[in-house]
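Step one of this worksheet: look at the structure below.
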Amino acid sequence: MKILVCISNVPDTTTKITFTDNNTQFNTAGVQFILNPYDEIALARAVELAEGGKGTVTVINVGEVNTEPTIRKALAIGADDAVRINAKPHDAYFVAYQIAEYAKANAFDLILTGRESIDYNGAKVAGMIGEFLDIPSVSIIKKLDIDGTSATVEREIEGGKEVITIPFPFVAGTAEGVAEWKIPNMRGIMSARTKPLNVIEPKEIKTLSEIISFETPAPRGAVKLVPADDAAKLIDLLHNEARVF
Amino acid sequence: MSVLIYAENADGKFKKSIFEAVSYAKAIADQNNTNLVAISIGNVAAGELAALGKYGAAKVLNVSNDKLKSFINQAYASVIAEAAKKEGANIVVLSNSFSGKGLAPRIGVKLEAGVADGAVSLPEAGSAFKLKKTAFSGKAFATVELTSANKVISLTPNSYKVVETGGTATVEDFNSEVKESDFKTIIKEIVKATDKVSLPDAELVVSAGRGLKGPENWGMIEELANLLGAATACSKPVSDAGWRPHSEHVGQTGIAVSPNLYIAIGISGAIQHLAGISSSKVIVVINKDPEAPFFKVADYGIVGDAFEVVPKLIEAVKQLKAS
Ligand SMILES: Cc1cc2nc3c(=O)[nH]c(=O)nc-3n(C[C@H](O)[C@H](O)[C@H](O)COP(=O)(O)OP(=O)(O)OC[C@H]3O[C@@H](n4cnc5c(N)ncnc54)[C@H](O)[C@@H]3O)c2cc1C
Ligand SMILES: Nc1ncnc2c1ncn2[C@@H]1O[C@H](COP(=O)(O)O)[C@@H](O)[C@H]1O
C-alpha cells in the first residue's frame with residue numbers, strides 16, 4: 001500500500017495575525033511555522049496504517065526551501081520519504097495540480113490531506129486532486145480503516161456522520177478522530193535527517209485566483225457586565241437589546 | 001450568461017442556509033444583469049422547489065434520477081458542472097456546508113474556475129471579481145480575486161441575509177447523463193441525531209469548556225440550548241477528554257461558526273478557541289475568573305460560577321417563554 005500525505009506549512013496556532021505592505025502581505029516577522037495540525041493527523045494515521053511493512057508513506061509539499069524544517073518534522077513523525085515541489089503555493093488549483101501530476105507518475109493507493117489548512121482554510125486541495133486524477137474524494141473524515149484494497153471512512157455531515165466504503169485509489173481530507181497527534185521520538189528525529197527529500201520543479205499551470213488584501217475583524221466594544229446575582233438581566237438584554245432570540 | 005445556485009436539500013427540505021445562498025446568488029445575478037437558475041438533486045416535492053422563486057430563482061432544474069438519491073460527491077459535481085455548461089452559467093454558487101466543501105473544488109476543476117470558499121460578502125462593484133472570505137481560521141478576512149472566466153463561490157452560512165423577492169420559479173426536469181465511474185463510493189449508513197440543532201449552521205450556540213468539570217454536568221448546558229433552540233458546542237480539551245463528541249469542538253482546529261449568538265460557559269478564551277468563533281454577531285461569556293481573556297472579545301458577560309449562573313439563566317428563559 002502506497003500512501004501519499006499532502007502537508008502544508010502554516011503559522012503556529014498561537015500566532016497573532018497581522019499584515020504588512022498596506023495589508024497585502026501576511027506579517028511573518030517572529031512567526032513560527034508548523035506542520036498544519038490536520039495534516040499531522042493524516043500523517044499519524046498513514047504511519048499507523050503502513051506500520052509493520054504494510055506500506056510506505058511519502059509526504060509531499062508545494063513550497064519553497066523555507067518549508068524544509070516542516071518536511072523534516074513529518075519525516076521524524078514517520079514518513080519514509082518526502083517530495084518538495086519547488087514553488088510558491090499560488091492557489092489551491094496550482095497546488096492540487098502539482099500534487100496530482102506527481103501522483104499520476106507514482107501510483108498511490110491512498111492520498112491524504114488535512115481537512116483544511118489553518119491559514120487560508122480552503123478545504124479545496126483534496127477535492128481538486130480527486131478531480132484532476134478522476135478518482136473519488138471525501139471532504140472531511142473522522143475515521144479511516146483499510147480492508148484490503150478498499151477503505152471504510154466516516155464522513156462528517158451536519159448533525160451526524162455518514163459511513164462510506166471507497167475502493168483504492170482515492171483522496172480524503174482528515175480531521176480529528178482519524179488518529180491522535182504523534183510526538184516524534186528521538187529515533188525518529190535522528191533518522192529524519194537522512195531520509196530522502198527530493199526536490200522537483202513545478203509544472204506549468206494557470207492560477208485562477210489571487211489574494212489581494214487582508215483585514216482583521218473589527219474590534220468589539222467593551223463588554224457589558226451583568227452581576228451574577230441578577231442573571232435574569234442577561235436574558236432580558238439578549239432578548240430586548242441584542243434581539244438574538 | 002446566468003448564475004447557477006446548487007440548492008442542497010436535507011431530507012427533502014431546504015434549510016435557511018440555502019435560502020441565504022439563493023438570496024446571495026440572486027444579488028450576484030442582479031449585479032450582472034442576468035437571471036438565477038437553481039439546481040436541486042434528489043427527492044424534493046415540486047412545491048418546495050417552486051418556493052425557491054421567493055428568493056429570486058427564475059427556474060429550478062430538478063434532478064430526480066434514482067441513482068442520485070443520496071449524496072455522491074463525484075456524481076453530484078458532474079451533474080452541477082454539466083448544468084452550468086448547458087445553462088451558460090459562468091458563476092456557480094453553493095452553501096459552504098460539508099457537502100458544499102466536497103463539491104466546490106471538483107466543480108472548480110471541471111469548469112476551470114477559481115473557487116472562493118467560505119465567502120462572507122458579495123463581489124465588489126467594478127471590473128475585477130473580488131470578494132471577502134474568512135482566512136486564518138477566523139482570525140482575519142482575505143479579499144480574493146477570481147481571475148478565471150468561470151467562478152465558483154461557496155457562501156459561509158449565516159453571513160448573508162435571506163431576502164424575499166416574491167416570485168415563483170418554474171420547475172424543469174433536468175436529465176443528466178451519469179457516468180458509472182462517478183459511483184465508486186458506497187454509502188453504508190447515515191447516522192443523524194435528528195433532535196439536535198446542527199452546529200455549523202446554527203443561529204444560536206451554547207458552548208462550554210473545562211470549567212464545567214466533567215461530562216456529568218452537561219445536563220444544564222443541554223437544557224439551556226434546548227430552551228433556546230441552540231446547538232451545543234465545546235472547547236478542544238473537552239472533546240479530547242471524551243466528555244463531548246469531536247463534532248462539537250469549535251476553534252482553529254475544530255469547526256468555525258458564525259452564529260448570531262455564542263454563549264461561552266467556563267471557557268478561558270484561548271486564541272485557538274477564539275479563532276473559530278470570532279465572527280459570531282453577539283458573544284456572551286460566563287466565567288468565574290474576571291481576568292479570563294474571553295471577556296476581552298465579549299459583548300456581554302457575567303463574572304460568576306457557572307453552576308449558580310446557568311440554572312438562573314434557564315429559569316429566566318423559561319419565564320420569558322411563558323410570558
Ligand atoms: C495546536 C493547538 C490547537 C488548538 N485548537 C483549539 C481549538 O480549535 N479549540 C479550542 O477550544 N482549543 C484549542 N486549543 C486549546 C487551547 O489552547 C486551550 O487550551 C483551550 O481552548 C482551553 O479550553 P477551556 O477554555 O475549556 O479550558 P481552560 O483553559 O482550562 O479554561 C477553563 C475556564 O473555565 C473557568 N471556570 C472554571 N470553573 C468555573 C466555574 N465553576 N464557573 C465558571 N467558569 C469556570 C476558568 O476560569 C477558565 O477560564 C488548541 C491548542 C493547540 C496547541
Ligand atoms: N502547499 C501545499 N503543499 C502540499 N499540500 C498542501 C499545500 N497546501 C495545502 N495542502 C494540503 O491540502 C489540505 C487542504 O488545504 P486547503 O485547501 O488550503 O485548506 C491541507 O490540509 C494539506 O494537506
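The values are calculated or read from the model by the stated rules, or taken from the named source; none is laboratory data. Not measured: the values here are computed from a predicted model. Backbone-built Cβ (ideal geometry, glycine too); neighbour counts: all protein chains shown. Ligands, DNA and RNA are excluded from the accessible area calculation, which covers all protein heavy atoms including side chains. Shrake-Rupley method; radii C 1.70, N 1.55, O 1.52, S 1.80 Å.
The residue that is surrounded by the most Cβ atoms within 10 Å (Cβ to Cβ), among those in segment B:92-135 that are free of Cβ contacts under 8 Å to residues at least 40 places away in the same chain and assigned to a loop (DSSP other than H, G, I, E, B), is B:Ala113.
This table checks each residue for (1) more than 8 Å from ligand 1 (Cβ to nearest atom); (2) more than 21 Å from A:Thr14 (Cα to Cα).
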position: B:Met220; (1), (2): yes, yes
position: B:Ala230; (1), (2): yes, yes
position: B:Gln252; (1), (2): no, no
position: B:Tyr262; (1), (2): yes, yes
position: B:Ser279; (1), (2): yes, no
position: B:Asp289; (1), (2): no, yes
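For segment A:190-211, which positions are at the interface with chain B (Cβ under 10 Å from one of its Cβ atoms) and either aromatic (Phe, Trp, Tyr) or open to solvent by less than 50 Å² (accessible area, probe 1.4 Å) (or both)? Break it down into steps so the answer makes sense when it comes.
Our first condition is that a residue be at the interface with chain B (Cβ under 10 Å from one of its Cβ atoms); within segment A:190-211, this holds for A:206-211.
Answer for segment A:190-211, where residues must be at the interface with chain B (Cβ under 10 Å from one of its Cβ atoms) and either aromatic (Phe, Trp, Tyr) or open to solvent by less than 50 Å² (accessible area, probe 1.4 Å) (or both): A:Leu208, A:Ser209.
Looking at the structure I just gave you, is B:Lys192 open to solvent by 20 Å² or more (accessible area, probe 1.4 Å), touching a Pro at 6+ places or on another chain (Cβ under 8 Å) and within 7 Å of chain A (Cβ to nearest Cβ)? First the steps, then the outcome.
Details: open to solvent by 20 Å² or more (accessible area, probe 1.4 Å): yes; touching a Pro at 6+ places or on another chain (Cβ under 8 Å): no; within 7 Å of chain A (Cβ to nearest Cβ): yes.
No: the conditions fail for B:Lys192.
Within segment B:281-298, being more than 7 Å from chain A (Cβ to nearest Cβ), surrounded by fewer than 23 Cβ atoms within 10 Å (Cβ to Cβ) and under 23 Å from the mean Cα position of the chain (by Cα) holds for one residue alone: B:Lys281. Taking segment B:160-189 as the range and being open to solvent by 40 Å² or more (accessible area, probe 1.4 Å), among the small types (Gly, Ala, Ser) and assigned to a loop (DSSP other than H, G, I, E, B) as the test, only B:Gly166 passes. Scanning segment A:93-108 for residues being open to solvent by 20 Å² or more (accessible area, probe 1.4 Å) and either farther than 14 Å from A:Ile60 by Cα or among the aliphatic types (A, V, I, L, M) (or both) gives a total of 3.
For segment B:51-78, which positions are touching a Leu at 6+ places or on another chain (Cβ under 7 Å) and part of a helix (DSSP H, G or I)? Selection gives B:Asn73, B:Ala75, B:Tyr76, B:Ala77.
Quick test for you: out of B:Glu48, B:Glu8, B:Glu20, pick the one residue that is among the acidic types (Asp, Glu) and either part of a loop (DSSP other than H, G, I, E, B) or not assigned by TED's automatic domain parsing to the domain that holds B:Ala116 (or both). It would help to see each step written out before you state the result.
On the way: B:Glu48 fails: either part of a loop (DSSP other than H, G, I, E, B) or not assigned by TED's automatic domain parsing to the domain that holds B:Ala116 (or both); B:Glu20 fails: either part of a loop (DSSP other than H, G, I, E, B) or not assigned by TED's automatic domain parsing to the domain that holds B:Ala116 (or both).
Just a single option satisfies the conditions, and that option is B:Glu8.
Exactly one residue among A:Thr28, A:Thr70, A:Thr14 is within 16 Å of ligand 1 (Cβ to nearest atom), in a loop (DSSP other than H, G, I, E, B) and not aromatic (Phe, Trp, Tyr), and that residue is A:Thr14. Can you work out which of the residues in segment A:117-139 that are free of Cβ contacts under 8 Å to residues at least 40 places away in the same chain, under 23 Å from A:Val47 (Cβ atoms) and out of contact with any helix residue (DSSP H, G or I) (no Cβ under 6 Å at 6 or more places or on another chain) is farthest from ligand 2 (Cβ to nearest atom)? Within segment A:117-139, the match that is farthest from ligand 2 (Cβ to nearest atom) is A:Ile135. Determine, yes or no, whether A:Asn61 is more than 11 Å from chain B (Cβ to nearest Cβ) and buried (at least 23 other Cβ atoms within 10 Å of the Cβ). Considered against the rule, which asks whether it is more than 11 Å from chain B (Cβ to nearest Cβ) and buried (at least 23 other Cβ atoms within 10 Å of the Cβ), A:Asn61 comes out as yes. The residues of segment A:109-135 that are touching a strand residue (DSSP E or B) at 6+ places or on another chain (Cβ under 7 Å) and surrounded by fewer than 23 Cβ atoms within 10 Å (Cβ to Cβ), listed by number, are A:Asp109, A:Asp119, A:Asn121, A:Ile135.
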